[in-house]
Structure formats: structure tokens, C-alpha cells
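Working notes, structure below.
Values in this text are rule-based calculations from the coordinates and carry no lab data. Nothing here was measured: the structure is a model prediction, and the numbers come from that model. No Cβ is skipped: glycine too gets one built from the backbone with ideal geometry, and neighbour counts run over all protein chains shown.
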Amino acid sequence: MDQQQVAATWYKRVATVAHGHYRAALRYSRLSFWFGVPSVTLATIVGTTVFASLQQEPNLWVQICIGLMSIAAAVLSALQSFLGYAEKVERHRFAGAKYNAIGRELELLLSQNHDWSGLNAIRNRIDALAQDAPHIPESVHKEMNENPAWNSREAQQSAA
């Protein structure tokens, strides 16, 4: 395999991994949303209901509902903090952006088609990034393998 073929192979891998990181960021963003919105909604309802109930003595079922909503809001909030979805979103977005930057360098290198002196430095950057980047979840890998839309055309579009 000559250096041009190596660079082309690396470009495909980098573009695919970048797209995988963006898909992982999207997945964690959705999970954060599904934990965060109910948590805020329940906390708001509980706070409003408690404030309104100060004016009168609520019946038992209202007290039980308020208590359950309060517990659910606390559990959802704790899970959101513990699972760290917001941090995972940012780490995957950052990794995707770094892989895209390397992809653009490889595109430039491939367009020159004669000076391959920077290929070793790019390999070192890819290796370092692979060590620092968060793990792409298995569910994203599975989605990438099962979805025929995950071809090199789509991966190249994500790298742009």
C-alpha cells in the first residue's frame, strides 16, 4: 500500500469516527433532555403546588402525589448528575471536531498528491486522539453497522 492509499484509508476511518462521535453526542444530548425536562417540570409542579397548598389544607391524595413527584424529581436530577450526560455530549463533540480537523488535513494532503512528509505527524495525532477520546457507545457502533446510510459518502459529509 502506498502513502496515498494509506492517507485515503485514514481519511475514511477519521471521517467515520468523527461522525460516530457526533452521533454519540446527539444520543447523550437526547438522554440529558429526557432526564432534565421531567426533572424541571416535576420540581416546578411540586414547588407551585406546595406554595398553593399553604393557603389551604390539601387532602391526602394531593399530599401523596406531591411527595411522589418530589421524589421523582430528586431521583431524575440525581441520575442526570451521576450519569454526566452533559459532559459526555461535550467530550464527544470535541472529539468529533478534532477528528474532523485531522480529516481536513488528510484531504489537503490527498489533494497535493506529492508531499507525504506530514503523514507521520498526522498518524501521531490520530493515535493521541484515539487515546484521549471518549469511547463511542456500542449502540452507536451497532447503528453505524446496521444502517446502510452510513457509507463513505455520509461519513465524508460529516467531516466537512
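Couple of notes before you dig in:
- Taking a ≥ b ≥ c as the square roots of the eigenvalues of the Cα gyration tensor, the chain is classed as prolate, since a/c reaches at least 1.5 and a/b is larger than b/c.
- Segment H141-L68, length gained on full extension (0.36 nm per residue, minus Cα span): 22.5 nm
- Within the chain, helix-based [θ] at 222 nm, where runs of 4 or more DSSP H residues each add -39,500 (n - 2.57), nearest 500: -29500 deg cm²/dmol
- Footprinting exposure proxy for V46, V6 (fewest neighbouring C-beta atoms within 10 Å first): V6, V46
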